[in-house]
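Encoded as structure tokens, the structure appears first; notes follow it.
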Amino acid sequence: MVRTASFTFILFSSFLQPVIAQDSNTLSSDATLTVTTGKVQAGTFTRFLTINGTINAWQEVVIAPEVGGYRVETVLVDVGDYVQAGQQLVKLSTALLATEYSSKQAALKQRQAESVNADLALQRAQDLAAKSLLSQADLDRLNSEALGATARLDGARAELAAAQVKLDFANVIAPDAGVITQRSVTVGQLAQAGSEMLRLLRQNRVEWRGEVAESSMPSLHVGQAVTITSVDGREHQGTIRVVSPTVNTVTHNGLVYVDIGSDDALRPGMFARGKIEYGATETVQVPLASLVSSDGYNYVFVVQADRTVSRQMINTGDIQGSNVEVVSGLEPGTNIVTKGAGFLKDGDLVNVVNAN
């Protein structure tokens, strides 16, 4: 029985051998992956500084009345209205101001009459003095009265002018063209001199402000082109207007101010990202699709002459478009896998197509 069992095992083992060999060949053939390869290139890599920032008003003007104690009669604008320089925005009640103006007009006429009488009296006195019919003391007195009447007339004119100015100030006007951004005035309220009524986005002009690390500030200068990407993904072109001459002592960041064109999609307070080109260098670069990341490191697969691949660790830098900069670990001309690298492991046999 022992002999029979041994014989049976030998026959069974012999029977399995060709089957196992056939399956092994099949697996080897299936393990060959089809990949696309390409030569590592060296070329110009544009350097960009990407920073976050916000859209801000270029200048926001606080509009307030210059006279106080008068009722708001009419508000002629609302938030979002575009106004022209000199346009009337708010009208105050002018009843008291008009009365004051009329009073100053009457006072001026009275002073004019007094001045005329004083001048005539002085003229008569001068004629009498020439004939030695009037003492010098009386002549001096009349001359002084004439000068006083002239001074009072000038004061009346000044008071009338001040009343006219106050009457004009009852009309609150726009100091420049722009868009009304805030309104805090209502009809019927009692206006106070200097208290805010409206806010005006001057010339409807906005700018982008971003914080730049102090180490990057020497790379920026006035007139440099900036691409601003708003929250909706649209790009807007701008130029640097001012690079802050100081740096925040806490954050060690400085501000950069960028002029951008007028666009209704750009509103003060919105987040936006800025990209500033500041130079270009020659460097090795590979497609992003060729990278494989593992354990915090980046790798590419180098294709050997026998169509096997070896995993090569590289140090990467900036990303531009669909390419990434290779700082170290790879030389130009090296043949690497550009598509399909994510399915490979070290030593795999590959089938190469579209080789460059």
Charge context of R47, other residues only, Cβ under 10 angstrom, K/R +1, D/E -1:
-3
Using Cα positions and a limit of under 16 Å, work out the lysines in reach of K91, with same-chain residues fewer than 8 apart set aside.
K166
Q312/R209 FRET efficiency (R0 41 Å; Cβ-Cβ; nearest 0.05):
0.40
With the convex hull built on the Cα atoms of region 94-169, state its orientation-averaged projected area in nm².
4.8 nm²
Here the relative contact order (percent) of region 295-356, from C-alpha pairs under 8 Å and at least 6 apart, is 36 percent
Within a 10 angstrom radius of the beta carbon, how do F45, F169, F271 rank from fewest other beta carbons to most?
F271, F169, F45
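On a full-extension model of 0.36 nm per residue, what is the gain between S195 and T54, subtracting their alpha-carbon distance, rounded to one decimal in nm?
Once the chain is fully extended between S195 and T54, it gains 47.9 nm.
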Of the options H252, Q237, T281, report the single residue whose Cα projects farthest towards the positive end of the charge dipole of the chain (beta-carbon charges: Lys, Arg +1; Asp, Glu -1).
Q237
Using only DSSP helix segments of four residues or longer, with each worth -39500 (n - 2.57), what per-residue ellipticity at 222 nm results for the chain after dividing by its residue count and rounding to 500?
-10000 deg cm²/dmol
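Please report the relative contact order for region 94-169, taking Cα pairs under 8 Å with a sequence separation of at least 6, and give it as a percent rounded to a whole number.
51 percent
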Amide H within-cut-off set for V90, under 5 Å, with H built and near neighbours excluded
L76, V172
To the nearest 0.05, how large is the calculated FRET efficiency for R71 and Q237 if R₀ is 45 Å and r is the Cβ-Cβ distance?
0.40
Before anything else, pin down the relative contact order of region 189-286: Cα pairs under 8 Å, at least 6 apart, normalised by residue count, whole percent.
32 percent
Residue-span extension gain [L128 to A42] - 0.36 nm each, minus C-alpha spacing:
20.0 nm
Once you've got the GNM for the chain with C-alpha springs shorter than 10 Å, pick whichever of R183, R205, R141 has the biggest mean-square fluctuation.
R141
Taking neighbour counts of Cβ atoms within 10 Å as a proxy for exposure, in what order, fewest first, do E331, E60 appear?
E331, E60
Tell me, what is the FRET efficiency for I319 and H221 to the nearest 0.05, using R0 = 25 angstrom and their Cβ-Cβ distance as r?
0.50
For K339, list the lysines whose Cα falls under 21 Å from its own Cα; do not include residues on the same chain fewer than 8 positions away.
K39
Calculate the spin-label point distance for D295 paired with K91, positioning each point 7 Å from the Cα along the beta-carbon direction, and give it in nanometres.
8.2 nm
Using DSSP H assignments, which helices in the chain have an axial alpha-carbon span of 15 Å or above and a mean Kyte-Doolittle hydropathy of 0.0 or higher?
2-30
Could you tell me which label, among (1) 32, 61, 8; (2) 18, 24, 21, 16, 10, 6, 3, 1, 0; (3) 23, 34, 21, 14, 5, 2, 0, carries the value of P(r) over Cα pairs in 20 Å bins from 0, in percent calculated for this structure?
(2)
Give, rounded to the nearest 20 debye, the magnitude of the charge dipole that the chain has about its Cα centre when Lys and Arg contribute +1 at Cβ and Asp and Glu contribute -1 at Cβ.
280 debye
Could you work out which residue, out of A57, A156, A129, moves most in a Gaussian network model of the chain, that is, has the largest mean-square fluctuation with Cα springs under 10 Å?
A129
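Can you put L76, L291, L133 in order, fewest other beta carbons within 10 Å first?
On the way: L76 13, L291 17, L133 9.
Fewest-to-most Cβ neighbours within 10 Å comes out as L133, L76, L291.
All of the numbers you see were taken from the coordinates with simple rules; none came from a lab. As the structure is a prediction and not an experimental result, all values here were calculated from the model. Here Cβ is always computed from backbone atoms with ideal geometry, including for glycine, and neighbour counts include all displayed protein chains.
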